[in-house]
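Participant: The structure is given below, and queries will be raised subsequently.
The values are calculated or read from the model by the stated rules, or taken from the named source; none is laboratory data. Just so it is clear, the model here is predicted, and its values are computed rather than measured. Using ideal geometry, Cβ is built from the backbone for each residue, glycine included, and neighbour counts are taken over all protein chains shown. Accessible surface areas use protein heavy atoms only, side chains included; no ligands, DNA or RNA. Shrake-Rupley method; radii C 1.70, N 1.55, O 1.52, S 1.80 Å.
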Amino acid sequence: MYRSFLKYIFVVAVITGISFLYTHDSRAQTLDFSSFLIDTQEDHLVAMLSIDVEEFEKLQQSLHEGNKLSMICTVNLQRHRNLFWNKNIREKTIEIDMEKDLLSEEYIIKFPDKTFTLKELQEDSFDELFEGISIKLAPLEELVPGRKYRLQIGIKVISRDVPQWIKAPLFFLSWDIIPEVRYEMEFSF
């Protein structure tokens, strides 16, 4: 009796350990910023960034299977305050849609202001598309010199093909193809 109890505890411990290892692996960052800076252009504060997809094969396979994906980039500019919560100045969301046209076998990547069509989806050409993305944040006249500001950026890749009638009852599941990566930067103007 005691020996079977120990075997049971051992099996449960091994399964629990394996599940922790699996969970740790699935949470690895797959998006990264290769460059990020804040600049001024044409009387606006501008965030400029480049995005690297570390597990490109995962994204490539999903597109090859016909999934429609969106890379969602959310940028939030806040004024830093000591006694109260930070004050939101501007928030912008940019969606970059990606899909494969199954008839022509071409990959279509739609930025808000331009569309690219690729015959093949190679990592080098894909990375070049996501270099030097520029996001206008706020007019300089809205910023007070000498004050501290905080810029928060979140980027994730989601599947656009999952219908709402599936998402609603399975709300506890994540539909992200690549989980969100967040980055914060404080600066003075």
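Participant: In segment 138-159, what count of residues is obtained for those that are in a loop (DSSP other than H, G, I, E, B) and open to solvent by 40 Å² or more (accessible area, probe 1.4 Å)? Reasoning before the result, please.
Facilitator: The initial filter retains those residues of segment 138-159 that are in a loop (DSSP other than H, G, I, E, B), namely 143-147.
This time we only want the ones that are open to solvent by 40 Å² or more (accessible area, probe 1.4 Å), so: 144-147.
The number of residues fulfilling the criteria is 4.
Participant: Of everything in segment 115-154 that's farther than 24 Å from T30 by Cβ and of a type in the set (A, V, I, L, M), which residue is farthest from the chain's Cα centre (by Cα)? Reasoning before the result, please.
Facilitator: Our first condition is that a residue be farther than 24 Å from T30 by Cβ; within segment 115-154, this holds for 115, 117, 119, 136-150.
Subsequent filtering for residues that are of a type in the set (A, V, I, L, M) retains 137-138, 140, 143-144.
Details: L137: 18, A138: 22, L140: 27, L143: 27, V144: 30 Å.
Per the criteria, the residue is V144.
Participant: Given (1) closer than 20 Å to I178 by Cβ; (2) at pLDDT below 50; (3) aromatic (F, W, Y), where does F20 come up short, assuming only one miss?
Facilitator: Of the numbered conditions (1) closer than 20 Å to I178 by Cβ; (2) at pLDDT below 50; (3) aromatic (F, W, Y), the odd one out for F20 is (1).
Participant: On to the next question. Taking segment 78-93, which residues are of a type in the set (A, V, I, L, M) and either assigned to a loop (DSSP other than H, G, I, E, B) or within 18 Å of E180 (Cα to Cα) (or both)?
Facilitator: Just the residues of segment 78-93 that are of a type in the set (A, V, I, L, M), to begin with: 83, 89.
Correct list: L83 only.
Participant: Looking at D113, D101, D124, can you tell me which residue is open to solvent by less than 90 Å² (accessible area, probe 1.4 Å) and of a type outside the set (V, I, T)? Spell out how you get there, then give the answer.
Facilitator: Details: D113 fails: open to solvent by less than 90 Å² (accessible area, probe 1.4 Å); D124 fails: open to solvent by less than 90 Å² (accessible area, probe 1.4 Å).
So the residue among D113, D101, D124 that is open to solvent by less than 90 Å² (accessible area, probe 1.4 Å) and of a type outside the set (V, I, T) is D101.
Participant: Scan segment 117-137 and tell me whether some residue there is without any contact (Cβ under 8 Å) to a residue 40 or more places away in the chain and assigned to a strand (DSSP E or B). Show your work before the answer.
Facilitator: Pass one, segment 117-137, residues without any contact (Cβ under 8 Å) to a residue 40 or more places away in the chain: 117-120, 122, 124-125, 128-129.
Now restrict to residues that are assigned to a strand (DSSP E or B): 117-118.
Yes: one or more hits.
Participant: Restricting to segment 41-64, name every residue that is part of a strand (DSSP E or B) and surrounded by 12 or more Cβ atoms within 10 Å (Cβ to Cβ).
Facilitator: Within segment 41-64, the subset part of a strand (DSSP E or B) is 41, 44-53.
Across segment 41-64, the qualifying residues are H44, L45, V46, A47, M48, L49, S50, I51, D52, V53.
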